């Protein structure tokens, strides 16, 4: 589906609701007690395109388990609607043209199957979870032995 059609299949949360969802995610899945977390994520730094953080949330994930994209495809049939957001990075460190098609701090809600078919419209590193906040899947730009991998936490 093209980008316009994709946008009609998602709900973009308003700024306040998106911020609340992001904060709840961080409370549930991220080790905020790490001094590195405070330096790299919590304390945002000023760049030409606003205040951004320096690292990736998944670097501070509680109980991370590396998984393959094939694993994600296997569990996909049991997943309905999900929330998705991405790291708040600066254009000074991301050199991919038109990287944030929906905005850097956007949080969206959509059907998981729509996400799997269209995640190319989103930044490389995305955080996926449902309204229970019991599990998360993270699609990363990282590779192990030339194979892209994902990370999970929680019971999924």
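Return a yes/no flag: does the stretch 47-57 have any residue that is modelled with pLDDT of 95 or more and part of a helix (DSSP H, G or I). Checked the stretch 47-57: at least one residue is modelled with pLDDT of 95 or more and part of a helix (DSSP H, G or I). Filtering the stretch 120-156 to residues that are more than 16 Å from residue 64 (Cβ to Cβ), at pLDDT below 90 and under 14 Å from the mean Cα position of the chain (by Cα) leaves only 124.
Checked against (1) exposed (fewer than 13 other Cβ atoms within 10 Å of the Cβ); (2) in contact with a strand residue (DSSP E or B) (Cβ under 8 Å, 6 or more places away or on another chain), residue 73 passes all but condition (2). Restricting attention to the stretch 103-151 and to residues that are in contact (Cβ under 8 Å) with a residue 60 or more places away in the chain, under 12 Å from residue 79 (Cβ atoms) and out of contact with any helix residue (DSSP H, G or I) (no Cβ under 7 Å at 6 or more places or on another chain), the residue that is surrounded by the most Cβ atoms within 10 Å (Cβ to Cβ) turns out to be 110.
Quick one: in the stretch 8-18, of everything that is part of a helix (DSSP H, G or I) and under 17 Å from the mean Cα position of the chain (by Cα), which residue is nearest to residue 117 (Cα to Cα)? It would help to see each step written out before you state the result.
The first filter runs over the stretch 8-18 and keeps only residues part of a helix (DSSP H, G or I), leaving 8, 15-18.
Those still in the list that are under 17 Å from the mean Cα position of the chain (by Cα) too: 15, 17-18.
Values: 15: 26, 17: 25, 18: 23 Å.
Result: 18.
Filtered by the rule that a residue be within 15 Å of residue 137 (Cα to Cα), in contact (Cβ under 8 Å) with a residue 24 or more places away in the chain and surrounded by 13 or more Cβ atoms within 10 Å (Cβ to Cβ), the stretch 44-63 gives 56, 57, 58, 60, 61.
What residue, of 41, 94, 26, 21, is in a loop (DSSP other than H, G, I, E, B) and surrounded by 13 or more Cβ atoms within 10 Å (Cβ to Cβ)?
Numbers: 41 fails: in a loop (DSSP other than H, G, I, E, B); 26 fails: in a loop (DSSP other than H, G, I, E, B); 21 fails: in a loop (DSSP other than H, G, I, E, B).
Result of the check over 41, 94, 26, 21: 94.
The values are calculated or read from the model by the stated rules, or taken from the named source; none is laboratory data. All values reported here derive from a predicted model rather than from experimental measurement. Backbone-built Cβ (ideal geometry, glycine too); neighbour counts: all protein chains shown.
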